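Here is the structure we will look at, set down as C-alpha coordinates.
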Amino acid sequence: MREYLLTLCITAAVTYLLTGPVRKFAIVAGAMPEIRARDVHREPTPRLGGIAMFFGLCAGLLVADHLTNLSEVFEKSNEPRALLSGAALIWLIGVLDDKFEIDALIKLGGQMIAAGVMVMQGLTILWLPIPSVGSVALTQWQGTLLTVALVVITINAVNFVDGLDGLAAGMVCIAAAAFFLYAYRIWYSYGIEAAAPATLFSAILMGMCLGFLPHNMHPARIFMGDSGSMLIGLVLAAGAISITGQIDPDALKLFAGSEKAAVHQTVPVYIPLLLPLSIIAVPAADLISAIVRRTWRGQSPFAADRGHLHHRLLEIGHSHSRAVWIMYFWSALIAFGSLAYSVNSASMWIVLGVVFLSAIGLVLLLLPRFTPRVPMWAQAVVPPRYRRRRPVVAESVESVEVEQRTPVAVGVAGVNGATALRAHAHAPERRKAETSR
(Lines give C-alpha, C1' and ligand atoms only; values in the text may rest on other atoms or scores of the structure.)
Protein backbone atom coordinates (compact mmCIF):
# COMPACT_ATOMS: atom_id res chain seq x y z
CA MET A 1 0.00 0.00 0.00
CA ARG A 2 2.85 2.43 0.77
CA GLU A 3 4.29 2.00 -2.71
CA TYR A 4 0.89 2.60 -4.30
CA LEU A 5 0.44 5.75 -2.22
CA LEU A 6 3.95 6.93 -3.12
CA THR A 7 3.21 6.42 -6.81
CA LEU A 8 -0.09 8.31 -6.42
CA CYS A 9 1.58 11.26 -4.64
CA ILE A 10 4.40 11.57 -7.18
CA THR A 11 1.95 11.43 -10.07
CA ALA A 12 -0.19 14.13 -8.45
CA ALA A 13 2.84 16.31 -7.67
CA VAL A 14 4.24 16.13 -11.21
CA THR A 15 0.82 16.86 -12.74
CA TYR A 16 0.24 19.79 -10.39
CA LEU A 17 3.64 21.38 -10.92
CA LEU A 18 3.54 21.04 -14.70
CA THR A 19 0.03 22.42 -15.16
CA GLY A 20 1.14 26.03 -14.56
CA PRO A 21 3.88 26.01 -17.25
CA VAL A 22 1.55 24.11 -19.58
CA ARG A 23 -1.03 26.86 -19.17
CA LYS A 24 1.48 29.50 -20.23
CA PHE A 25 2.52 27.33 -23.18
CA ALA A 26 -1.12 26.91 -24.25
CA ILE A 27 -1.61 30.69 -24.21
CA VAL A 28 1.52 31.26 -26.31
CA ALA A 29 0.57 28.43 -28.70
CA GLY A 30 -2.89 29.91 -29.19
CA ALA A 31 -4.77 26.91 -27.79
CA MET A 32 -7.55 29.21 -26.54
CA PRO A 33 -10.57 28.64 -28.80
CA GLU A 34 -13.40 31.10 -28.95
CA ILE A 35 -16.41 30.59 -26.69
CA ARG A 36 -18.97 28.36 -28.37
CA ALA A 37 -22.74 28.36 -27.96
CA ARG A 38 -22.69 25.24 -25.77
CA ASP A 39 -19.93 26.51 -23.45
CA VAL A 40 -20.76 27.76 -19.96
CA HIS A 41 -17.60 29.76 -19.27
CA ARG A 42 -17.51 33.48 -20.00
CA GLU A 43 -13.86 34.06 -20.94
CA PRO A 44 -11.54 32.18 -23.31
CA THR A 45 -9.59 29.61 -21.29
CA PRO A 46 -6.47 27.75 -22.45
CA ARG A 47 -6.63 24.03 -23.05
CA LEU A 48 -3.88 21.40 -23.40
CA GLY A 49 -4.09 20.43 -19.72
CA GLY A 50 -3.68 16.85 -20.89
CA ILE A 51 0.02 17.53 -21.46
CA ALA A 52 0.63 17.81 -17.72
CA MET A 53 -1.55 14.77 -17.06
CA PHE A 54 0.35 12.65 -19.57
CA PHE A 55 3.71 13.52 -18.04
CA GLY A 56 2.21 12.70 -14.65
CA LEU A 57 1.28 9.29 -16.04
CA CYS A 58 4.82 8.77 -17.32
CA ALA A 59 6.28 9.82 -13.95
CA GLY A 60 4.00 7.42 -12.09
CA LEU A 61 4.95 4.47 -14.29
CA LEU A 62 8.65 5.36 -14.06
CA VAL A 63 8.58 5.53 -10.26
CA ALA A 64 6.60 2.29 -9.96
CA ASP A 65 9.13 0.53 -12.18
CA HIS A 66 11.90 1.32 -9.65
CA LEU A 67 10.01 0.31 -6.50
CA THR A 68 10.67 -3.05 -4.87
CA ASN A 69 7.23 -4.65 -5.10
CA LEU A 70 5.64 -2.75 -7.97
CA SER A 71 8.60 -3.49 -10.25
CA GLU A 72 7.32 -7.07 -10.41
CA VAL A 73 4.29 -5.80 -12.31
CA PHE A 74 6.57 -4.71 -15.15
CA GLU A 75 8.51 -7.98 -15.05
CA LYS A 76 5.53 -10.35 -15.07
CA SER A 77 3.16 -8.37 -17.28
CA ASN A 78 3.34 -6.30 -20.43
CA GLU A 79 0.20 -4.35 -19.58
CA PRO A 80 1.96 -1.18 -18.29
CA ARG A 81 3.84 -0.87 -21.59
CA ALA A 82 0.62 -1.48 -23.50
CA LEU A 83 -1.08 1.26 -21.51
CA LEU A 84 1.76 3.71 -22.16
CA SER A 85 1.70 3.01 -25.90
CA GLY A 86 -2.05 3.50 -26.22
CA ALA A 87 -1.99 6.55 -23.95
CA ALA A 88 0.76 8.22 -25.99
CA LEU A 89 -1.21 7.74 -29.20
CA ILE A 90 -4.53 8.99 -27.82
CA TRP A 91 -2.73 11.91 -26.15
CA LEU A 92 -1.17 13.04 -29.44
CA ILE A 93 -4.57 12.93 -31.13
CA GLY A 94 -6.04 14.97 -28.28
CA VAL A 95 -3.29 17.59 -28.47
CA LEU A 96 -3.91 18.03 -32.19
CA ASP A 97 -7.63 18.36 -31.56
CA ASP A 98 -7.11 20.97 -28.83
CA LYS A 99 -5.06 23.05 -31.21
CA PHE A 100 -6.64 22.45 -34.62
CA GLU A 101 -10.05 20.84 -33.78
CA ILE A 102 -9.84 17.78 -36.01
CA ASP A 103 -12.91 15.94 -37.31
CA ALA A 104 -14.89 13.71 -34.95
CA LEU A 105 -14.58 10.67 -37.21
CA ILE A 106 -10.80 11.06 -37.25
CA LYS A 107 -10.78 11.09 -33.46
CA LEU A 108 -12.97 7.98 -33.42
CA GLY A 109 -10.54 6.22 -35.73
CA GLY A 110 -7.63 7.26 -33.51
CA GLN A 111 -9.42 5.86 -30.47
CA MET A 112 -9.85 2.52 -32.21
CA ILE A 113 -6.21 2.46 -33.25
CA ALA A 114 -5.08 3.21 -29.70
CA ALA A 115 -7.25 0.38 -28.41
CA GLY A 116 -5.82 -1.90 -31.10
CA VAL A 117 -2.28 -1.03 -30.03
CA MET A 118 -3.06 -2.12 -26.48
CA VAL A 119 -4.67 -5.33 -27.74
CA MET A 120 -1.58 -6.18 -29.79
CA GLN A 121 0.55 -5.90 -26.66
CA GLY A 122 -1.62 -8.18 -24.57
CA LEU A 123 -4.07 -5.85 -22.84
CA THR A 124 -7.29 -7.51 -23.94
CA ILE A 125 -10.31 -9.38 -22.61
CA LEU A 126 -9.72 -13.14 -22.64
CA TRP A 127 -12.91 -14.42 -20.97
CA LEU A 128 -16.10 -13.21 -19.36
CA PRO A 129 -17.73 -14.33 -16.10
CA ILE A 130 -21.33 -15.32 -16.88
CA PRO A 131 -23.81 -16.11 -14.06
CA SER A 132 -24.90 -19.78 -13.84
CA VAL A 133 -22.38 -20.67 -16.53
CA GLY A 134 -18.93 -19.76 -15.28
CA SER A 135 -16.07 -18.26 -17.26
CA VAL A 136 -16.59 -18.21 -21.02
CA ALA A 137 -13.45 -18.06 -23.14
CA LEU A 138 -13.49 -15.60 -26.03
CA THR A 139 -11.89 -16.00 -29.41
CA GLN A 140 -9.22 -13.57 -30.50
CA TRP A 141 -11.62 -11.57 -32.65
CA GLN A 142 -14.32 -11.50 -29.99
CA GLY A 143 -11.86 -10.32 -27.36
CA THR A 144 -10.47 -7.66 -29.70
CA LEU A 145 -13.88 -6.27 -30.68
CA LEU A 146 -15.07 -6.23 -27.09
CA THR A 147 -11.89 -4.51 -25.90
CA VAL A 148 -12.05 -1.84 -28.61
CA ALA A 149 -15.74 -1.22 -27.89
CA LEU A 150 -15.09 -0.82 -24.17
CA VAL A 151 -12.22 1.62 -24.76
CA VAL A 152 -14.20 3.75 -27.23
CA ILE A 153 -17.30 3.85 -24.99
CA THR A 154 -15.32 4.83 -21.91
CA ILE A 155 -13.29 7.52 -23.69
CA ASN A 156 -16.37 9.17 -25.20
CA ALA A 157 -18.37 8.89 -21.98
CA VAL A 158 -15.67 10.81 -20.10
CA ASN A 159 -15.27 13.26 -22.98
CA PHE A 160 -19.01 13.98 -23.09
CA VAL A 161 -19.20 14.80 -19.38
CA ASP A 162 -16.29 17.26 -19.57
CA GLY A 163 -18.48 20.36 -19.68
CA LEU A 164 -18.07 22.07 -16.29
CA ASP A 165 -15.01 23.15 -14.36
CA GLY A 166 -13.59 20.18 -12.46
CA LEU A 167 -16.42 17.83 -13.44
CA ALA A 168 -14.63 15.19 -15.53
CA ALA A 169 -11.48 15.08 -13.38
CA GLY A 170 -13.48 14.80 -10.16
CA MET A 171 -15.84 12.10 -11.42
CA VAL A 172 -13.01 10.01 -12.84
CA CYS A 173 -11.08 10.43 -9.58
CA ILE A 174 -14.07 9.10 -7.63
CA ALA A 175 -14.38 6.19 -10.04
CA ALA A 176 -10.66 5.45 -9.80
CA ALA A 177 -10.82 5.48 -5.98
CA ALA A 178 -13.61 2.89 -5.93
CA PHE A 179 -11.83 0.87 -8.60
CA PHE A 180 -8.57 0.97 -6.61
CA LEU A 181 -10.26 -0.41 -3.48
CA TYR A 182 -11.83 -3.24 -5.46
CA ALA A 183 -8.65 -4.16 -7.33
CA TYR A 184 -6.51 -3.93 -4.19
CA ARG A 185 -8.94 -6.24 -2.40
CA ILE A 186 -8.65 -8.82 -5.19
CA TRP A 187 -4.87 -8.52 -5.21
CA TYR A 188 -4.20 -8.42 -1.45
CA SER A 189 -7.05 -10.44 0.06
CA TYR A 190 -7.14 -13.22 -2.51
CA GLY A 191 -3.45 -13.13 -3.42
CA ILE A 192 -4.10 -12.83 -7.17
CA GLU A 193 -1.10 -11.13 -8.77
CA ALA A 194 -3.01 -10.55 -12.02
CA ALA A 195 -4.93 -7.74 -10.29
CA ALA A 196 -1.75 -5.76 -9.57
CA PRO A 197 -1.65 -3.90 -12.95
CA ALA A 198 -5.24 -2.68 -12.55
CA THR A 199 -4.45 -1.53 -9.01
CA LEU A 200 -1.44 0.41 -10.30
CA PHE A 201 -3.43 1.98 -13.14
CA SER A 202 -6.14 3.22 -10.78
CA ALA A 203 -3.59 4.69 -8.34
CA ILE A 204 -1.87 6.59 -11.15
CA LEU A 205 -5.23 7.76 -12.49
CA MET A 206 -6.16 9.17 -9.09
CA GLY A 207 -2.86 11.04 -8.99
CA MET A 208 -3.41 12.53 -12.44
CA CYS A 209 -6.87 13.82 -11.50
CA LEU A 210 -5.92 15.08 -8.03
CA GLY A 211 -2.92 16.96 -9.41
CA PHE A 212 -5.00 18.66 -12.10
CA LEU A 213 -8.11 19.50 -10.05
CA PRO A 214 -6.67 22.52 -8.13
CA HIS A 215 -6.11 24.26 -11.49
CA ASN A 216 -9.45 23.16 -12.93
CA MET A 217 -11.95 23.91 -10.16
CA HIS A 218 -14.36 26.77 -10.75
CA PRO A 219 -13.32 29.26 -11.95
CA ALA A 220 -10.93 27.13 -14.02
CA ARG A 221 -7.59 28.57 -15.10
CA ILE A 222 -7.03 25.79 -17.64
CA PHE A 223 -9.06 23.03 -19.27
CA MET A 224 -7.81 19.50 -19.80
CA GLY A 225 -9.20 19.47 -23.33
CA ASP A 226 -9.55 16.31 -25.37
CA SER A 227 -5.89 15.56 -24.69
CA GLY A 228 -6.81 15.08 -21.05
CA SER A 229 -10.35 13.71 -21.18
CA MET A 230 -9.53 11.01 -23.72
CA LEU A 231 -6.35 10.14 -21.81
CA ILE A 232 -8.04 9.55 -18.46
CA GLY A 233 -10.84 7.68 -20.22
CA LEU A 234 -8.30 5.35 -21.79
CA VAL A 235 -6.55 4.71 -18.45
CA LEU A 236 -9.88 3.98 -16.80
CA ALA A 237 -10.83 1.54 -19.56
CA ALA A 238 -7.41 -0.15 -19.37
CA GLY A 239 -7.91 -0.90 -15.68
CA ALA A 240 -11.39 -2.32 -16.30
CA ILE A 241 -10.10 -4.52 -19.12
CA SER A 242 -7.16 -5.75 -17.04
CA ILE A 243 -9.19 -6.89 -14.05
CA THR A 244 -12.39 -7.94 -15.85
CA GLY A 245 -10.99 -9.95 -18.71
CA GLN A 246 -7.60 -11.08 -17.39
CA ILE A 247 -8.51 -12.59 -13.98
CA ASP A 248 -10.00 -16.07 -14.23
CA PRO A 249 -12.89 -16.53 -11.77
CA ASP A 250 -11.57 -20.06 -11.27
CA ALA A 251 -8.80 -18.47 -9.17
CA LEU A 252 -11.44 -17.49 -6.61
CA LYS A 253 -13.14 -20.88 -6.26
CA LEU A 254 -11.00 -21.81 -3.25
CA PHE A 255 -12.64 -18.95 -1.40
CA ALA A 256 -16.16 -19.20 -2.86
CA GLY A 257 -16.61 -22.96 -3.08
CA SER A 258 -16.80 -23.37 -6.86
CA GLU A 259 -16.27 -21.49 -10.07
CA LYS A 260 -19.96 -20.72 -10.51
CA ALA A 261 -20.16 -19.46 -6.94
CA ALA A 262 -17.11 -17.32 -7.56
CA VAL A 263 -18.77 -15.80 -10.60
CA HIS A 264 -21.92 -15.09 -8.58
CA GLN A 265 -19.80 -13.48 -5.89
CA THR A 266 -18.01 -11.13 -8.28
CA VAL A 267 -20.85 -10.35 -10.72
CA PRO A 268 -22.01 -7.20 -8.83
CA VAL A 269 -18.75 -5.53 -9.80
CA TYR A 270 -17.52 -7.54 -12.80
CA ILE A 271 -20.50 -6.80 -14.98
CA PRO A 272 -20.68 -3.06 -14.13
CA LEU A 273 -16.97 -2.72 -14.78
CA LEU A 274 -17.37 -4.49 -18.08
CA LEU A 275 -20.15 -2.39 -19.51
CA PRO A 276 -19.09 0.10 -17.70
CA LEU A 277 -22.10 1.26 -15.72
CA SER A 278 -20.89 1.37 -12.15
CA ILE A 279 -17.91 3.68 -12.04
CA ILE A 280 -18.93 5.93 -14.94
CA ALA A 281 -22.68 5.42 -14.90
CA VAL A 282 -23.43 9.14 -15.01
CA PRO A 283 -21.27 9.96 -18.07
CA ALA A 284 -22.41 6.72 -19.75
CA ALA A 285 -26.06 7.72 -19.23
CA ASP A 286 -25.22 11.18 -20.58
CA LEU A 287 -23.56 9.60 -23.62
CA ILE A 288 -26.55 7.36 -24.40
CA SER A 289 -29.08 10.16 -23.94
CA ALA A 290 -27.03 12.49 -26.16
CA ILE A 291 -26.87 9.92 -28.97
CA VAL A 292 -30.62 9.23 -28.76
CA ARG A 293 -31.47 12.93 -28.56
CA ARG A 294 -29.34 13.93 -31.54
CA THR A 295 -30.40 10.98 -33.67
CA TRP A 296 -34.06 11.70 -32.92
CA ARG A 297 -33.57 15.26 -34.18
CA GLY A 298 -31.92 14.01 -37.36
CA GLN A 299 -28.48 15.27 -36.32
CA SER A 300 -25.16 13.50 -36.18
CA PRO A 301 -24.44 11.68 -32.89
CA PHE A 302 -21.23 13.73 -32.69
CA ALA A 303 -22.97 17.11 -33.12
CA ALA A 304 -22.48 19.38 -30.11
CA ASP A 305 -25.46 20.76 -28.19
CA ARG A 306 -26.49 22.06 -24.76
CA GLY A 307 -28.54 19.06 -23.69
CA HIS A 308 -26.01 17.31 -21.45
CA LEU A 309 -26.80 16.56 -17.83
CA HIS A 310 -24.68 19.42 -16.51
CA HIS A 311 -26.42 21.86 -18.87
CA ARG A 312 -29.81 20.71 -17.54
CA LEU A 313 -28.66 21.16 -13.95
CA LEU A 314 -27.76 24.76 -14.73
CA GLU A 315 -31.13 25.30 -16.43
CA ILE A 316 -32.95 23.97 -13.35
CA GLY A 317 -31.35 26.69 -11.27
CA HIS A 318 -28.24 25.16 -9.74
CA SER A 319 -25.07 27.18 -9.57
CA HIS A 320 -21.92 26.01 -11.32
CA SER A 321 -20.31 24.62 -8.18
CA ARG A 322 -23.50 23.00 -6.90
CA ALA A 323 -24.09 21.22 -10.22
CA VAL A 324 -20.56 19.79 -10.07
CA TRP A 325 -21.01 18.57 -6.49
CA ILE A 326 -24.34 16.94 -7.35
CA MET A 327 -22.65 15.00 -10.16
CA TYR A 328 -19.89 14.05 -7.71
CA PHE A 329 -22.49 12.77 -5.25
CA TRP A 330 -24.22 10.51 -7.76
CA SER A 331 -20.94 9.15 -9.11
CA ALA A 332 -19.73 8.32 -5.60
CA LEU A 333 -23.05 6.74 -4.67
CA ILE A 334 -23.07 4.43 -7.68
CA ALA A 335 -19.37 3.56 -7.56
CA PHE A 336 -19.02 2.94 -3.83
CA GLY A 337 -22.50 1.38 -3.64
CA SER A 338 -21.44 -1.23 -6.18
CA LEU A 339 -18.18 -1.70 -4.31
CA ALA A 340 -19.98 -2.29 -1.00
CA TYR A 341 -22.46 -4.65 -2.65
CA SER A 342 -19.62 -6.70 -4.12
CA VAL A 343 -18.07 -7.11 -0.68
CA ASN A 344 -21.29 -8.25 1.01
CA SER A 345 -24.17 -8.72 -1.40
CA ALA A 346 -26.34 -10.38 1.28
CA SER A 347 -26.50 -7.31 3.53
CA MET A 348 -29.83 -5.52 3.46
CA TRP A 349 -28.30 -2.49 5.20
CA ILE A 350 -26.24 -1.72 2.08
CA VAL A 351 -29.35 -1.70 -0.11
CA LEU A 352 -31.27 0.44 2.39
CA GLY A 353 -28.32 2.85 2.66
CA VAL A 354 -28.14 3.24 -1.11
CA VAL A 355 -31.89 3.85 -1.31
CA PHE A 356 -31.74 6.44 1.49
CA LEU A 357 -28.84 8.29 -0.09
CA SER A 358 -30.59 8.19 -3.47
CA ALA A 359 -33.60 9.89 -1.89
CA ILE A 360 -31.32 12.59 -0.48
CA GLY A 361 -29.73 13.00 -3.91
CA LEU A 362 -33.14 13.49 -5.55
CA VAL A 363 -34.06 16.15 -2.99
CA LEU A 364 -30.80 18.00 -3.64
CA LEU A 365 -31.32 17.62 -7.38
CA LEU A 366 -34.80 19.17 -7.34
CA LEU A 367 -34.10 21.75 -4.62
CA PRO A 368 -34.24 24.82 -6.94
CA ARG A 369 -37.78 23.79 -7.94
CA PHE A 370 -38.99 24.36 -4.40
CA THR A 371 -39.55 27.93 -3.14
CA PRO A 372 -40.59 27.46 0.49
CA ARG A 373 -42.27 30.31 2.33
CA VAL A 374 -40.03 31.14 5.24
CA PRO A 375 -41.63 32.93 8.25
CA MET A 376 -40.58 36.49 8.90
CA TRP A 377 -38.79 35.55 12.12
CA ALA A 378 -36.54 33.12 10.22
CA GLN A 379 -35.54 35.52 7.42
CA ALA A 380 -32.13 36.23 8.94
CA VAL A 381 -31.01 32.60 9.18
CA VAL A 382 -31.87 31.34 5.68
CA PRO A 383 -29.98 31.99 2.42
CA PRO A 384 -31.04 35.10 0.46
CA ARG A 385 -32.73 33.07 -2.28
CA TYR A 386 -35.32 31.79 0.25
CA ARG A 387 -36.17 35.20 1.71
CA ARG A 388 -39.32 37.04 0.78
CA ARG A 389 -38.84 39.83 -1.68
CA ARG A 390 -40.07 43.24 -0.73
CA PRO A 391 -42.65 44.85 -3.04
CA VAL A 392 -41.10 47.26 -5.52
CA VAL A 393 -42.42 50.83 -5.40
CA ALA A 394 -43.57 52.33 -8.69
CA GLU A 395 -41.04 55.19 -8.45
CA SER A 396 -38.15 52.78 -8.06
CA VAL A 397 -39.37 50.82 -11.09
CA GLU A 398 -39.41 54.00 -13.18
CA SER A 399 -35.91 54.94 -12.00
CA VAL A 400 -34.65 51.48 -12.92
CA GLU A 401 -36.14 51.83 -16.41
CA VAL A 402 -34.47 55.22 -16.84
CA GLU A 403 -31.13 53.77 -15.75
CA GLN A 404 -31.51 50.89 -18.20
CA ARG A 405 -32.20 53.32 -21.08
CA THR A 406 -29.20 55.50 -20.16
CA PRO A 407 -26.11 54.45 -22.13
CA VAL A 408 -23.14 53.37 -20.05
CA ALA A 409 -19.88 55.13 -20.79
CA VAL A 410 -16.67 53.27 -21.47
CA GLY A 411 -14.73 52.56 -18.31
CA VAL A 412 -17.78 52.56 -16.06
CA ALA A 413 -18.39 49.58 -13.83
CA GLY A 414 -21.09 47.19 -14.96
CA VAL A 415 -19.90 46.44 -18.47
CA ASN A 416 -19.55 42.63 -18.10
CA GLY A 417 -17.25 43.16 -15.16
CA ALA A 418 -14.47 44.11 -17.55
CA THR A 419 -13.23 47.09 -15.54
CA ALA A 420 -13.12 48.20 -11.95
CA LEU A 421 -13.16 51.91 -12.84
CA ARG A 422 -16.22 53.95 -12.12
CA ALA A 423 -17.43 57.49 -12.64
CA HIS A 424 -16.83 59.79 -9.68
CA ALA A 425 -19.28 62.57 -8.94
CA HIS A 426 -16.57 64.94 -7.74
CA ALA A 427 -14.20 64.43 -10.65
CA PRO A 428 -15.10 67.72 -12.52
CA GLU A 429 -14.72 69.85 -9.36
CA ARG A 430 -11.35 68.20 -8.65
CA ARG A 431 -10.12 69.01 -12.18
CA LYS A 432 -11.23 72.67 -11.81
CA ALA A 433 -9.41 72.98 -8.52
CA GLU A 434 -6.24 71.57 -10.06
CA THR A 435 -6.38 73.90 -13.06
CA SER A 436 -6.97 76.93 -10.82
CA ARG A 437 -3.84 76.04 -8.89
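The values are calculated or read from the model by the stated rules, or taken from the named source; none is laboratory data. Because the structure is predicted, anything quoted here is derived from the model rather than measured. All Cβ positions, glycine included, derive from the backbone under ideal geometry; neighbour counts span all protein chains shown. Just the protein is used for accessible areas: all its heavy atoms, side chains included, with ligands, DNA and RNA removed. Shrake-Rupley method; radii C 1.70, N 1.55, O 1.52, S 1.80 Å.
Looking at segment 30-42, is at least one residue at pLDDT 80 or above and assigned to a helix (DSSP H, G or I)? There is no residue in segment 30-42 that is at pLDDT 80 or above and assigned to a helix (DSSP H, G or I). Of the residues making up segment 183-222, those that are among the aromatic types (F, W, Y) and at pLDDT 90 or above number 2. The one condition from (1) farther than 29 Å from I113 by Cα; (2) out of contact with any Ser or Thr (no Cβ under 9 Å at 6 or more places or on another chain); (3) of a type outside the set (S, T, N, Q); (4) crowded, with 16+ Cβ neighbours inside 10 Å that K24 does not meet is (4). Being of a type outside the set (D, E), crowded, with 23+ Cβ neighbours inside 10 Å and in a helix (DSSP H, G or I), is that true of even one residue in segment 117-136? Within segment 117-136, one or more residues are of a type outside the set (D, E), crowded, with 23+ Cβ neighbours inside 10 Å and in a helix (DSSP H, G or I).
Here T147 fits the description: buried (at least 21 other Cβ atoms within 10 Å of the Cβ) and either hydroxyl-bearing (S, T, Y) or within 19 Å of I334 (Cα to Cα) (or both). Residues in segment 226-263 that are at pLDDT 85 or above and open to solvent by 10 Å² or more (accessible area, probe 1.4 Å): D226 alone.
Restricting the search to segment 310-348, which residues are β-branched (V, I, T) and either at pLDDT 80 or above or closer than 16 Å to V172 by Cβ (or both)?
Of everything in segment 310-348, those that are β-branched (V, I, T) and either at pLDDT 80 or above or closer than 16 Å to V172 by Cβ (or both) turn out to be V324, I326, I334.
Residues in segment 158-182 that are open to solvent by less than 10 Å² (accessible area, probe 1.4 Å), touching a Leu at 6+ places or on another chain (Cβ under 9 Å) and aliphatic (A, V, I, L, M): V158, V161, L164, A169, V172, A175, A176, A178. L89 meets the conditions (1) modelled with pLDDT under 90; (2) more than 21 Å from F180 (Cα to Cα); (3) not acidic (D, E) in every case but one. The failed one is (1).
When each of L5, L96, L18 is tested for being under 15 Å from S229 (Cα atoms), surrounded by fewer than 23 Cβ atoms within 10 Å (Cβ to Cβ) and modelled with pLDDT of 90 or more, the lone residue that passes is L96.
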